[in-house]
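**Student:** Dropping the structure in here first, questions after.
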Amino acid sequence: MIKVLDKFIADKIAAGEVIERPVSIIKELVENSVDAGATSIIVEIRNGGKTYIRVTDNGCGIPSDEVETAFLRHATGKISTLDDLNSINTLGFRGEALASIAAVSRLSIVTRTADSSAGIKLSMHGGQIVNRDTVGCNIGTTLIIEDVFYNIPARRKFMGSDAREASAIIELVQKLAIYYSNIRFMMINNGQTILSTEGDGDYRKTIMSIYPGREFSNLIELDSEKVKGYISDPGTTKNNRKGQLFFVNGRIVESKVIEKGLAQGYGDRIFSGYPVAILFIEAEPQNLDVNIHPGKKEIKFLYEDEIVFQIAAAVRDAMYTPASIPAATPKKTFSTVTSAPAKATTVQKTEPEHKPVNKPLNNTEHKPEQIGIREFLKSKSPDPEPVTKQEVKAAPAKAETLHEDITETDKPYVREEIQLNSYIHKPFDFQELRTVGYVFSSYIITQARDNLYVLDQHAAHERIFYEKLVTKYNSRDRKSQPILTPIMLETSQDVYNGDREWIDQLRYMGYSIEDFGAGSFIIREIPEYMSLSEADSFVRAFAEGLDNENHLNTIVVDKLIMRSCKSAVKANDHLSIAEIDQLLKQLAECKNPFSCPHGRPTFIKVSRYEIERAFKRK
Ligand code: ADP
Ligand code: MG
């Protein structure tokens, strides 16, 4: 017998489509509050939203004679033409939410508009009105949803644990609170306030109040025409993508295309993990696939390459500006001395012949310049002689724009060398630098002319160690030193059973490494130029980097060197005066003493003018 489904059942079926989990309810309700012009939104949940959800706003409210209408399917005050429908569709279906939510829960709404003295409270069970009252309340709307899917047991089973549902909701509210930084958000989970923003429109402040982690504290602003937002410097990453929030035309999305754009923008400056990126992307609605389900977050762009390009360009632009190195204070009173936190390194194939680079050094370009020593010397000498390796070594450390292009033809495993890039702008000469103090067992206060420079000893140490390792890695110098207690290296089964080219690479560097069975290797000798802890952290980073490919290219090795630098440098080592002098001397010999290998500054600058201004003398 064929029956027409009654409204109750039809609603329940349709509701199952739109409302998948408590988090879908929150999304719809908060969007409605935003549409209602709210400046304050409170979200409260209990048991992951399964037993209780409350969303309270101070928006326009619903007139008492329209409350019931709002719960009719396809009831919406937001569409008038078909054109509207097409563009709005990219943000989800319209006029479905309240009807769908009401159909699968026990719901009550309390709402009042500015021009009525009392509010209306309407209660429903499974979409059927059970009560209607006039009540006293504030202007705005409160929706309370209890016992989601109480009447659809099959759906109830598909919900995750309380904790899992709660975390999905919290993550969503965090994102919404950032996007709508001009709205004050508050979230209460099982009676505890876990999020509260000021709603003053300050993105940076909102982001930091929601994510207090250090990864979010010095974000670089992106401000291109189509891509706006905030990203971390390449040295500041998280080991998951939770710091990556993408909004396309105001909709929270996930997108491999956007991820690709980010990856291209950062290039090989990321040595591990995922940068923080909160991106607001504008796209023409007609260039988005409109046929995607509103519940799905994955978005489809019609012109993917264009989006990738726009994002990569925006990221690159932001990174090569001085602003990409954070100022010492939020007020920007201090500035850092690296004018160009340019790419830490590039990789160049070592070939017998190098093409001459005749372009003069251009300080205004946000790109590292690379000039081979031959070309450099050529430009000084009218009658160039071939440059030998001895001459390269003899080149003074002060010739900052040089890059050693040592040609090696007999390297069996390492066919590429890592280029150390120099800085473009030199803020001072190291000879001018006087040490005037040392604070917090971390910072060396120095002075050059009318400026104070604060040196971060850890960043300096990383830079020195990094350049030492890279230079040694590039050279043919591969002496080993025996160690008393061997290093045991555990590897995953795929690495152990895979191609072992990487072992040759390590041997080439000076490690003696042998198979020790059951996935492990034993190391009895380490490169002579490394300390035990440096050698240990490098080889472990090296093995970790082997997860997928057992061949490590130079870019990866470079990243590993950077990573091992980080772990080799200990925090809060109090330096003696002699050690401070030694550190400065070694730093002066570096090719780029002005930033650590991860792109962070080694020095920050405070000018006399800034000090005088701070004392209100200027
Ligand atoms: P839509 O948002 O697509 O219009 P909904 O079912 O979500 O459909 O809401 C139906 C209507 O109810 C809205 O168009 C709006 O007029 C009204 N409404 C819903 N929530 C609120 C709210 N928080 N404040 C004011 N009006 C609301
Ligand atoms: Mg809605």
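**Student:** Please enumerate the residues belonging to region 34-51 that are open to solvent by less than 60 Å² (accessible area, probe 1.4 Å) and either acidic (Asp, Glu) or within 17 Å of Lys121 (Cα to Cα) (or both).
**Tutor:** Glu44
**Student:** On to the next question. Identify, please: which residue in region 492-507 is open to solvent by less than 30 Å² (accessible area, probe 1.4 Å) and either at pLDDT 75 or above or assigned to a strand (DSSP E or B) (or both) and is, among those, nearest to Ile526 (Cα to Cα)?
**Tutor:** Ranking the qualifying residues of region 492-507, first place goes to Leu506.
**Student:** If you go through region 96-118 one residue at a time, how many are within 15 Å of Glu66 (Cα to Cα) and within 12 Å of ligand 1 (Cβ to nearest atom)?
**Tutor:** 8
**Student:** Within region 231-243, can one find any residue that is modelled with pLDDT of 85 or more, open to solvent by 30 Å² or more (accessible area, probe 1.4 Å) and hydroxyl-bearing (Ser, Thr, Tyr)? Talk me through it step by step, then tell me what you get.
**Tutor:** Step one: of region 231-243, the residues modelled with pLDDT of 85 or more are 231-233, 243.
Next, from what is left, pick out any that are open to solvent by 30 Å² or more (accessible area, probe 1.4 Å): none.
So far as region 231-243 goes, no, none of its residues is modelled with pLDDT of 85 or more, open to solvent by 30 Å² or more (accessible area, probe 1.4 Å) and hydroxyl-bearing (Ser, Thr, Tyr).
**Student:** Mind listing whichever residues of region 8-33 are modelled with pLDDT of 60 or more, away from ligand 2 (no atom under 14 Å from the Cβ) and either part of a strand (DSSP E or B) or open to solvent by 50 Å² or more (accessible area, probe 1.4 Å) (or both)?
**Tutor:** Glu17, Glu20, Arg21
**Student:** Exactly one of these conditions fails for Arg156: (1) assigned to a helix (DSSP H, G or I); (2) open to solvent by less than 60 Å² (accessible area, probe 1.4 Å). Give me its number.
**Tutor:** Tallying (1) assigned to a helix (DSSP H, G or I); (2) open to solvent by less than 60 Å² (accessible area, probe 1.4 Å), Arg156 fails exactly one: (2).
**Student:** Looking at region 188-201, which of its residues are open to solvent by less than 60 Å² (accessible area, probe 1.4 Å) and closer than 17 Å to Lys175 by Cβ?
**Tutor:** Hits for region 188-201 are Asn189, Leu195, Thr197, Gly199, Gly201.
**Student:** So Arg251 passes all but one of these: (1) on the phi < 0 side of the Ramachandran plot; (2) within 12 Å of the chain's Cα centre (by Cα). Which condition number does it fail?
**Tutor:** (2)
**Student:** Quick check on my filter: what residues within region 94-131 are within 16 Å of ligand 2 (Cβ to nearest atom) and among the basic types (Lys, Arg)?
**Tutor:** Arg94 - this is the single residue of region 94-131 that is within 16 Å of ligand 2 (Cβ to nearest atom) and among the basic types (Lys, Arg).
**Student:** Okay, moving on. Every residue in region 511-526 that is in contact with an Asp or Glu (Cβ under 9 Å, 6 or more places away or on another chain) and part of a strand (DSSP E or B), please.
**Tutor:** Ser512, Ile513, Ser520, Phe521, Ile522, Ile523, Arg524, Ile526 - these are the residues of region 511-526 that are in contact with an Asp or Glu (Cβ under 9 Å, 6 or more places away or on another chain) and part of a strand (DSSP E or B).
The values are calculated or read from the model by the stated rules, or taken from the named source; none is laboratory data. Keep in mind the model is a prediction, meaning the values are calculated, not measured. Don't worry about glycine lacking a Cβ; one is built from the backbone with ideal geometry, like all the others, and counts go over all protein chains shown. When the accessible area is computed, the model is the full protein with side chains, heavy atoms only, and any ligands, DNA or RNA have been set aside. Shrake-Rupley method; radii C 1.70, N 1.55, O 1.52, S 1.80 Å.
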